[in-house]
Amino acid sequence: MAYSIEQRDEQLLNTTAPIRYHWYFDNAHRHLVRIVMEIDNNSDNNSTAEPLTLGLPVWIPGSYKVRDYISTLGSFTVTDADGTALVWQWISKNRLQIASPTQSVHVEYFYYAFERDSTIRSSHVTRSHAFINPVTCALYVEGREHEIHHVCFHYDRTKWATISTPLSPVKSAVASDEPLVLGALNYDILVDSPVEIGNHFVSKFLYENSVVETAVVGRGNYDADWIARQIETIVTTEAQMWGGLPFDRYVFIIHLFPTMRGGGLEHARCSVNAVESGNWSDTAKLHNLLSLLCHEFFHVWNIKRIRPRELGPFDYNQENLTRMLWLVEGATSYYDDMLTYRCGFYTRDEYFKVISKDHLGRFFRTPGRLQASIKDNSYQAWVKLYLPHDESVNRNVSYYLHGGLIFMLLDFWIITQSKGIKRLDDGFRALWSVYQQRPATGITEDEFIEVVESATGVTVRERLTQWLNSTAELPFDEVFGAMGLAWQPAPVKDVKPSEGTQPMTLVQKLFTGATLKAENGKILVAQVEENTPAEASGLAPDDEILFVNSTRVASVDDVEYQLAKRGTESASQLVIASDAAMEAIALQPVLQPEFVFAVAEAANDEQKRWIEFWLARS
């Protein structure tokens, strides 16, 4: 069977499934789900004389780290339909084998679903709701992943009134005393379909013939209707870019919990977005949320469908290595803030500031950008990105950040070389057309380049290949300059006291190259960048700063203020604690100019036209 992640609700109505799961939520207060898996074993591809092998994925597509979800499953029993025990054994950490399966096999086990920090890659079941990523608990039958799978939900629907999921209804009507049955055309679609059950906010709208649902879970001083309206703008804006939507139904799940780490994860007909609940009057927080939603929705096309050849069909038992994460995450990281701007959530000035601070500024503050190519960092994502350490800033850079800037340069290169006629959008629309012609097969780097060159009429191979393989600095000055843009020192701000107040002495923040953090009442060094004053001073990660220039410091702001008071004429004297001993060191900060991304003063009329073309909102 050809690999496919496409499904429409109408395809599951009134179907039967040879592989069925029953999920019981009687012990939700203990974060437990009882699962019974029923397998009809009389199909042509599974003789009763052959062993039956079941497995659980060790990772979730879209998050490139082995997570070994099997650790939260236990109390396995394997029987026939009458309850007679069958002989079985584990054959690897995540796979079990049934020696002589009968025509009907029942596998029962418990799943502990309580990921405290983030739900986007795992599950969270409590008294108030149940969120499950099926990849974390739904065993697969080896060799039968292409068959229809059903999930039967057993819970009190008077207690939990709402369910949001891209899984499709199997019955058009369900009686109150029978389980809700939802389905997937194959196992890949099943594990790509998270489920939220509870009493959460739901809003829906219709775009052309597609239903888009917003599900907001959690408490906070947010305006759920406002979120739903912004999502409608996001969907409309991105659909117009691509030329329509590739699904009949899509669900935005947004989790708002006080201690939850932020982030998102893409699915073919859904995205899960985790945001720390807090003060929604903070514009920066709102912008971050909207950019995240733009990012994950862009993945509907770029990665779920336009994908490297190695990323689908999947091997769920081990790492799926690819050197092309620069495409799926890099391009999406460029477009997320660009689309946030196109949606009208950023002004032009705000968008330029975001590029300055969150893209270029972060990149140039990462010495590791010159230590490995983006293709190498893509390939090693499984052991690098999700396993950072104190020295990571000096050894590598995220392919999200690096790739986003490569695609910005590629967009500018296409615009300038085509004289403002073509842009990166044209290349991605052509890639989308390729997917529609051959959805079962991903693309290679060469094919990506060929399609973009054909769609834009611009030669990109030499430039792009160099950017992807090199550890040298990217040619920002050259490409920006040709576009009429610049990465330049920010103008000095003239700060004047208000009328009627006495002038005060202002201290300017200085650069050391050390990142500080407050932890358990201590001021600790989190990271030290190479070739900076902090490295020259001997500061190291986990050093505790006690005194700066004989003043006891109690916060990160205290440290920065005391350093700024001394200035750059002479070194500041620090007392640090390290390995239960105190030590005095000298730190000589420097005044480092702030840089901004801006239209160059020397930009000519043609370049200004290109900039307007780049920033056009429709």
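Odds and ends about this structure:
- Any chance residue 155 is in contact with a His (Cβ under 7 Å, 6 or more places away or on another chain), modelled with pLDDT of 95 or more, crowded, with 18+ Cβ neighbours inside 10 Å and hydroxyl-bearing (Ser, Thr, Tyr): no
- Yes/no for residue 180 being modelled with pLDDT of 95 or more and either closer than 17 Å to residue 314 by Cα or surrounded by 19 or more Cβ atoms within 10 Å (Cβ to Cβ) (or both): no
- Flag for residue 339 being in a helix (DSSP H, G or I) and surrounded by fewer than 23 Cβ atoms within 10 Å (Cβ to Cβ): no
- Filter result (over 19 Å from residue 7 (Cα atoms) and either basic (Lys, Arg) or within 28 Å of the chain's Cα centre (by Cα) (or both)) within the stretch 147-167: 157, 159, 162
- Residues in the stretch 258-280 that are farther than 22 Å from residue 341 by Cβ and surrounded by fewer than 20 Cβ atoms within 10 Å (Cβ to Cβ): 258, 259, 261, 276, 277, 278, 279.
- Residue selected from the stretch 424-463 under the condition within 23 Å of residue 1 (Cβ to Cβ) and over 24 Å from the mean Cα position of the chain (by Cα), by the criterion surrounded by the most Cβ atoms within 10 Å (Cβ to Cβ): 434
- Conditions (1) without any contact (Cβ under 8 Å) to a residue 12 or more places away in the chain; (2) in contact with a helix residue (DSSP H, G or I) (Cβ under 6 Å, 6 or more places away or on another chain); number of the one not met by residue 85: (2)
- The set of residues in the stretch 66-90 being touching a Ser or Thr at 6+ places or on another chain (Cβ under 7 Å) and surrounded by fewer than 18 Cβ atoms within 10 Å (Cβ to Cβ) consists of 80, 81, 85, 86, 87.
- Filtering the stretch 552-582 to residues that are over 39 Å from the mean Cα position of the chain (by Cα) and touching a residue at least 40 places away in the same chain (Cβ under 8 Å) leaves 565, 567, 568.
- Scanning the stretch 1-11 for residues that are assigned to a loop (DSSP other than H, G, I, E, B) and more than 29 Å from the chain's Cα centre (by Cα) returns a single hit, 1.
- Test: residue in the stretch 13-28 that is part of a loop (DSSP other than H, G, I, E, B), touching a residue at least 60 places away in the same chain (Cβ under 8 Å) and either within 28 Å of the chain's Cα centre (by Cα) or closer than 12 Å to residue 139 by Cβ (or both): no
- Failed criterion for residue 332 (all others in (1) in contact with a strand residue (DSSP E or B) (Cβ under 8 Å, 6 or more places away or on another chain); (2) closer than 18 Å to residue 513 by Cα hold): (2)
- Odd one out for residue 97 among (1) surrounded by fewer than 17 Cβ atoms within 10 Å (Cβ to Cβ); (2) among the polar types (S, T, N, Q); (3) more than 30 Å from residue 215 (Cα to Cα): (1)
- Flag if residue 535 is surrounded by 12 or more Cβ atoms within 10 Å (Cβ to Cβ) and within 18 Å of residue 367 (Cβ to Cβ): yes
- Among residues of the stretch 85-113, those that are of a type in the set (A, V, I, L, M, F, W, C) and within 16 Å of residue 138 (Cα to Cα), counted: 5
- Across the stretch 378-423, the number of residues qualifying as crowded, with 20+ Cβ neighbours inside 10 Å and free of Cβ contacts under 8 Å to residues at least 40 places away in the same chain comes to 4.
- Criterion: among the basic types (Lys, Arg) and surrounded by 20 or more Cβ atoms within 10 Å (Cβ to Cβ) - qualifying residue of 127, 121: 121
The values are calculated or read from the model by the stated rules, or taken from the named source; none is laboratory data. Please read all numbers here as calculations on a predicted model, not as lab measurements. Please note: Cβ atoms are built from the backbone with ideal geometry, for glycine as well, and neighbour counts cover all protein chains shown.
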